Amino acid sequence: MQQQPPPPGQAADALAEIRQRQGQIIERALIPTWFWWAIGLLVAGFSAAVETDNGLALGIGTTVFVLGNCAAVGAMAIRGRRHARPRNTLLGGTGVLMILGFTLGVLLVTMLVSFSLNALGTPHAATLGGVACAVLMIGGGPFLTRRLRTMMVDRVAKGSR
């Protein structure tokens, strides 16, 4: 016995449900805004601690930096393991290049600011470089996340997996 196709309304509802669940999976896979803030502030704080030339401040700053990074990355890893993940191909080569480009850009700007200010004799050059890194992470990270979300949602809509 051949099964009859579902009525158009029921098929449309099922398709909408599938798209909604795909959107939820994409959303859970993306880096949340709090992560960008945490990493940016940790970098700026660590840079400031290094420049104090105070052993206690350096020890505390290093401990906070390491534990903070471990906590942030650990929370992301646990979050990723709890839920279904989108296929790697959904991100595509363009998405990978966007992530790599963002990372390289943040590193280059941070180093350029730090080394240039240091060469000019500016006090606290590394701290100012760390602040530049934080600004880029806090401002650029969520922008990158939005771009990646849009790209993945478009791929799902086009049927690319």
Hey, what angle do you get for helix 55-82 against the long axis of the chain, alpha-carbon based, 0 to 90 degrees rounded to 10?
0 degrees
Of every Cα-Cα pair in the chain, the percent that sits beyond 19 Å:
66 percent
Student exercise, the chain dipole from Lys, Arg, Asp, Glu Cβ charges, in Debye to nearest 20
780 debye
Rounded to a whole number, what % of the accessible area of region 62-161 do carbon and sulfur atoms account for, probe 1.4 Å?
69 percent
Dipole of the chain, positive end: most advanced residue of Ile39, Gly92, Ala157 [Cβ charges, Cα centre]:
Ala157
Can you list which of the trypsin sites (Lys or Arg not before Pro) found in region 50-130 are DSSP loop residues with at most 14 other C-beta atoms within 10 Å?
Arg87
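The values are calculated or read from the model by the stated rules, or taken from the named source; none is laboratory data. No experiment lies behind these values; they were computed from the predicted model shown. For neighbour counting, all protein chains shown are included, and Cβ atoms are generated from backbone atoms with ideal geometry for every residue, glycine included. What goes into the accessible areas is simple: the full protein's heavy atoms, side chains included, and nothing from ligands, DNA or RNA. Shrake-Rupley method; radii C 1.70, N 1.55, O 1.52, S 1.80 Å.
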